[in-house]
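Report on the following structure.
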Amino acid sequence: MGKKIAIEPVTRIEGHARVTIHVDDDGKVENAYLHIDQFRGFEKFSEGRMYYEMPQITPRICGICPVSHHLGSAKACDAVSGIEPPRTASLLRELMHMGQTIQSHAMHFFHLAGPDLLFSFDADPKIRNVIGIVQVNPTLATKAVMLRKFGQEIIKTLGGKKIHPVFAVAGGVNNVLTEEERDTILKDMDEHIAFIQQGIEIAKRWVRDNMETVETFAVFPTGYMGLVKEDGALELYEGKIRLIGPEGEPWELFDPSDYLEYIGEHVEDWSYLKFPFYKKLGYPDGVYRVGPLGRLNVADKISTPLANEEFKNFKAINEGKPVEGSLWYHYARLIETLYAMERVKELLDDPDILSNDIRAYGGELQSEGVGCVEAPRGTLLHHYKVDEGGKLLKVNLIIATGHNNWAMSKSVDDVAKQYVDGNNLTEGMLNRVEVAIRAYDPCLSCSTHALGKMPIILEMYDKDGNLLDQITRDSKE
Amino acid sequence: MALSHTIVIGYGNFHRQDDGVGHYIVQEVERQAGESIDTVCCHQLGIEQSETIKDYDIVIFADAYVGHREEDLKVASLEATFTQSAFTHHLKPDSLLALTQNIFQKTPKAYIVSVKGYDFDFGTDLSTRTQKWADIAVKKILELSGISK
């Protein structure tokens, strides 16, 4: 009889996500899956509400990327209300978005990915954590905290608070930026840029030292998707959606409001989270990845100088073709952090950002509207349909992590087959499965609208479907 | 008795009924204590809060309890102990204390005030029972802060 192993962080809500590993009688992995079990309810819960409440409602989906929902929702509301925000409002919203990107990416690298990269996948869990980083390199730890704080302070300056800000509204924003606030943000920027570059060097050094792992760990072809500017440069706030194939061949370039023509959602009976795909190729041929790896794969360049230099290094990895290895997400994430920091400086140097012209009025109500931003984890779409009074009839949210659902499950499957031996299970093997998921920086709270934690269970089954074992990662409160 | 420099951090998902009890507690503390106590409301704890709490004498965390235990209200002192999470950016309060201790060499006295939740459906109201115990929790917090006996 084969073995069943389950890793179960004890949860606030049972079964948000599970990894199941199915082994044969020899203990070899046959298949592994990432299941998302939490029911999504925000779309139904919002029906009957007024559309303009959504920029305040939808950020409550998540405590990690509330700003992404806030801004994506505001853009959908702009479309529903038929109003184009003034330029200053767009600049300010983008500034908040850059703050969000910086804090989220910095947090992921330092808190989640960093311990694996600095201590190795097999290091003792007692040191393979952020405290371990603090003890080994306290300066690095302090700078990481301050970088995250920098991003959060931008959000708080504009929106009144760091999480669930009150800022973007239909037609614009409700707060100006003062000269003093601008100068406060600009202070210490060079130090933060230097720190991000230090993080990039850490990532590059780790890749050099572990190239064999990087070239074989969760490496597989998919399509890629992300926003781009008109000239094909990386874009996180506006622009059009570009979809490319595994060889970099163009699939589509479209306005986000037309997403339903190109993106379908497949359902599997073993997960509540759907599997988005490119409609013309069907499922699973049309699966694609989003987020830092997806965005840098679809972009032709980056519009800021320091990040663009790193971007050229990124493109050289696979000679201009898409980079496939999942571990390259960490490098791509840091390049985006550098871009976001440089973009903050550009925005603050634009004199229009201090203008009082922050809101437009008087549009004609439309029956529906779509808002799209590149959240730290990937393309985020908010789609609202309303009645003639503005009450929501239907809400569709395609969450960044949802686009990566297939890829995360595929990564788990590949890594489990490569590293997990059911007869001789080690902590390092199970950590590798986690590393595969961590590369995508998933926000399952977001994609499943949970209470704010991301519980996950790893279970191992024998060939007859008998559950054999479970491992608990976190403890109940 | 001199007032300690105290901060109360209430966290949880405000739109999942009893999971928002931390927010309710913070609002009540603000109403009753005014500017005597600093407060923070957030969805979840993050590493940057180590920089926030480092200079306080007392830190009180207020949160909902999800699970099976008898007590509706539990007030306990916290030790700085780090537990790594596998995926989520979620940070437990004792882990936050450990970060504060390690990064800034500061360890404020800390408490967790947890109120048992019964209803975690979508919504912003607290269940009757959770609200009753949340009001008692506020009294406990004011005692811990030295504002009332």
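The values are calculated or read from the model by the stated rules, or taken from the named source; none is laboratory data. All values derive from a computational prediction rather than experimental measurement. Counting neighbours? That spans all protein chains shown, and the Cβs are built from the backbone with ideal geometry, glycine included.
I need every pair where a residue in segment A:107-130 that is more than 9 Å from every other protein chain (Cβ to nearest Cβ) has its Cβ under 7 Å from the Cβ of a residue that is of a type outside the set (S, T, N, Q) and part of a loop (DSSP other than H, G, I, E, B), sequence separation at least 6 or different chains.
A:116/A:128; A:119/A:127; A:119/A:128
Name the residues in segment A:373-392 that are surrounded by 24 or more Cβ atoms within 10 Å (Cβ to Cβ) and more than 17 Å from residue A:289 (Cβ to Cβ), would you?
Answer for segment A:373-392, where residues must be surrounded by 24 or more Cβ atoms within 10 Å (Cβ to Cβ) and more than 17 Å from residue A:289 (Cβ to Cβ): A:373, A:382, A:384.
What number of residues in segment A:415-429 are buried (at least 22 other Cβ atoms within 10 Å of the Cβ) and hydrophobic (A, V, I, L, M, F, W, C)?
Selection size over segment A:415-429: 3.
Return a yes/no flag: does segment B:123-134 have any residue that is at the interface with chain A (Cβ under 10 Å from one of its Cβ atoms) and either over 20 Å from residue B:28 (Cβ atoms) or touching a strand residue (DSSP E or B) at 6+ places or on another chain (Cβ under 7 Å) (or both).
Checking segment B:123-134: not a single residue is at the interface with chain A (Cβ under 10 Å from one of its Cβ atoms) and either over 20 Å from residue B:28 (Cβ atoms) or touching a strand residue (DSSP E or B) at 6+ places or on another chain (Cβ under 7 Å) (or both).
Restricting attention to segment A:375-405, which residues are among the hydroxyl-bearing types (Ser, Thr, Tyr) and outside any helix (DSSP H, G or I)?
A:379, A:384
Of the residues A:166, A:136, A:207, which is within 14 Å of another protein chain (Cβ to nearest Cβ) and within 22 Å of residue A:106 (Cβ to Cβ)?
From the options A:166, A:136, A:207, the qualifying one is A:136.
Among residues belonging to segment B:65-80 that are out of contact with any Ser or Thr (no Cβ under 7 Å at 6 or more places or on another chain) and modelled with pLDDT of 90 or more, point out the one that is nearest to residue B:129 (Cα to Cα).
In this case the residue turns out to be B:72.
From the list B:123, B:67, B:146, B:117, exactly one residue is at positive phi and in contact with a helix residue (DSSP H, G or I) (Cβ under 6 Å, 6 or more places away or on another chain). Which is it?
B:123
If residue B:98 satisfies every condition in (1) within 14 Å of chain A (Cβ to nearest Cβ); (2) surrounded by 20 or more Cβ atoms within 10 Å (Cβ to Cβ); (3) touching a residue at least 24 places away in the same chain (Cβ under 8 Å) but one, which is the exception?
Answer for residue B:98: the failing condition is (3).
Of all residues in segment B:31-61, how many are within 14 Å of chain A (Cβ to nearest Cβ) and part of a helix (DSSP H, G or I)?
Qualifying residue count, segment B:31-61: 5.
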